[in-house]
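Asks: Here you go, one structure.
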Amino acid sequence: MKLNKLLKPYRIEAGKRFRLKDHDPAGTHGLKSEFKPQARDLLAKSVQEMARLQDILAAQDHWGLLLIFQAMDAAGKDGTIKHVMSGVNPQGVQVVSFKAPSSEELNHDFLWRTMKCIPERGHIGIFNRSYYEEVLVVRVHSGLLESQKLPKSLVSKEIWRERFADINAFERYLTRNGIAILKFFLHLSKKEQKRRFLERLDKPDKNWKFSTADLKERQFWDTYHKAYEDMISHTASEHAPWYVVPADNKWFTRLVVAAAVADALDKMNLKYPKVGGEQKAALEKAKAQLKAE
């Protein structure tokens, strides 16, 4: 089974007609639970291929890759990042988790704190939440917008469309400068979130994962989903696509994400740098010197 064949139903490049209701959070591309052992093998092979391509990415030093993860609480962002990136060289990967902005960050524009964390060439950057929080949690909780100290004349009914436009321009700028972007929305059902919350409460070794704030945010489920739908419909593009990945079955979530990352690296047509004539002669000289010791 070729993993890149999994991707088409979940890749959103043009969001004009995008509707979350058309995407099943429990979907598995028709694969049954009996497929799980094979899925683990495919994931391992995909991670191995990513590790191979990451080595060339670093050696070539032309491209960078930014992976953005957004989701409702308990959708499995941390676990997906852990499993999918388990085989890559940690020296070439930077994971950044964006929490509530600091006072310093609130004194800058809404993209400032993420701009500083864009991966350099030859590296993979991972955003666990991102600048998209500015059109999600800030939109759902209007008081957060007030804390951003914007001049009142700039806070209009069009602010969310304006932020979508700013984000689109920013992502276009990055991709034109060799930073490829993949964005993942881990699509979890409300029923599965409830099950995972209860599991965190029932098992002592998972208690630390639960926060009463998560329960509070669950009360805004429908509002968040409308915000996610609007976000994806306005910011999906060919150069910075969204992947709406079913998240009710973790094994399938990880498979799709790994396939997407490996596919993106493969499409960069990565190659090890060729050694020129003078450098090749220097290498031969060094080789002869070592052998003569």
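Asks: Would you mind ranking Trp221, Trp63, Trp208 so that the residue whose beta carbon has the fewest other beta carbons within 10 Å leads the list?
Replies: Result, fewest neighbours first: Trp208, Trp221, Trp63.
Asks: Report the calculated FRET efficiency for Lys191 and Arg19 (r = Cβ-Cβ distance, R0 = 25 Å), to the nearest 0.05.
Replies: 0.80
Asks: Same structure again: From the square roots a ≥ b ≥ c of the eigenvalues of the alpha-carbon gyration tensor of the range 184-293, which class results: rounded (a/c under 1.5), prolate (a/b over b/c), or oblate?
Replies: It is prolate, given that a/c is not under 1.5 and a/b is the larger ratio.
Asks: Can you pull out the trypsin sites (Lys or Arg not before Pro) in the range 204-293 that DSSP calls coil and that have at most 13 other Cβ atoms within 10 Å?
Replies: For trypsin sites (Lys or Arg not before Pro) across the range 204-293 that sit outside H, G, I, E and B with at most 13 neighbouring Cβ atoms in 10 Å, the list reads Lys267, Lys271, Lys274.
Asks: For the chain, what is the per residue volume of the convex hull drawn over the alpha-carbon atoms, in cubic angstrom?
Replies: Output value, Cα hull per residue: 190 Å³.
Asks: Given labels modelled 7 Å from the Cα in the Cβ direction, how far is it in nm from Leu215 to Val155?
Replies: So the label points at Leu215 and Val155 sit 3.0 nm apart.
Asks: Could you tell me which of Gly122, Ser86, Asn4 has its Cα farthest along the dipole of the range 1-146 towards the positive end, charges placed at Cβ (Lys, Arg +1; Asp, Glu -1), taken about the Cα centre?
Replies: Asn4
Asks: In which sequence would Leu111, Leu6 go, from the one with the fewest C-beta neighbours within 10 Å to the one with the most?
Replies: Leu111, Leu6
Asks: Can you put Arg11, Arg121 in order, fewest other beta carbons within 10 Å first?
Replies: Listing Arg11, Arg121 from fewest to most nearby Cβ atoms yields Arg121, Arg11.
Asks: Right, here's the next one. From the backbone phi of the range 86-91, what are the Karplus-calculated ³J(HN,Hα) couplings (6.51 cos²θ - 1.76 cosθ + 1.60, θ = phi - 60°) in whole Hz, Gly and Pro given as x?
Replies: These are the phi-based 3J(HN,Hα) values: 5, x, 7, 6, x, 5 Hz.
Asks: How much net charge surrounds Leu150 when only the other residues with a Cβ under 12 Å from the Cβ of Leu150 are counted, with Lys and Arg +1 and Asp and Glu -1?
Replies: -1
Asks: If you put +1 on each Lys and Arg Cβ and -1 on each Asp and Glu Cβ, how big is the dipole of the chain around its Cα centre, in Debye rounded to 20?
Replies: Charge dipole of the chain: 620 debye, to the nearest 20.
Asks: Mind running the shape call on the range 134-242? Use the C-alpha gyration tensor, a ≥ b ≥ c as the square roots of the eigenvalues: rounded below 1.5 for a/c, prolate if a/b tops b/c, oblate otherwise.
Replies: Judged from the Cα gyration tensor, the range 134-242 comes out oblate (a/c at least 1.5, b/c at or above a/b).
Asks: Separate question: By DSSP, what percent of the beta bridges with both residues in the chain are antiparallel, rounded to the nearest 5?
Replies: Approximately 10 percent, going by the DSSP bridge assignments.
Asks: If you don't mind, there's one more thing I want to ask. Specify which residue in the list Phe110, Tyr272, Leu255 is farthest towards the positive end of the charge dipole of the range 3-292, using unit charges on the beta carbon of Lys, Arg (+1) and Asp, Glu (-1), about the Cα centre.
Replies: Ranked along the dipole, the leading option is Leu255.
Asks: Could you name the aspartates and glutamates in cross-link range of Lys36, using Cα to Cα under 18 Å and dropping any fewer than eight places away on the same chain?
Replies: Within the straight-line limit of under 18 Å, Lys36 reaches these aspartates and glutamates: Asp248.
Asks: Check which residues have an amide H placed less than 5 Å from Phe184's amide H, if you skip close sequence neighbours.
Replies: Residues meeting the amide H criterion: Ile68, Phe69, Gln70, Tyr243.
Asks: What is the distance in Å between the Cα centres of the range 148-186 and the range 61-110?
Replies: 17
Asks: Take each uninterrupted DSSP H stretch in the chain, measure its Cα extent along the helix axis, and return the ones at 15 Å or beyond whose mean Kyte-Doolittle hydropathy is at least 0.0.
Replies: 250-266
Just so you know, all these numbers are worked out from the coordinates, no wet-lab data involved. Since this is a predicted model, take the numbers as computed values, not measurements. Counting neighbours? That spans all protein chains shown, and the Cβs are built from the backbone with ideal geometry, glycine included.
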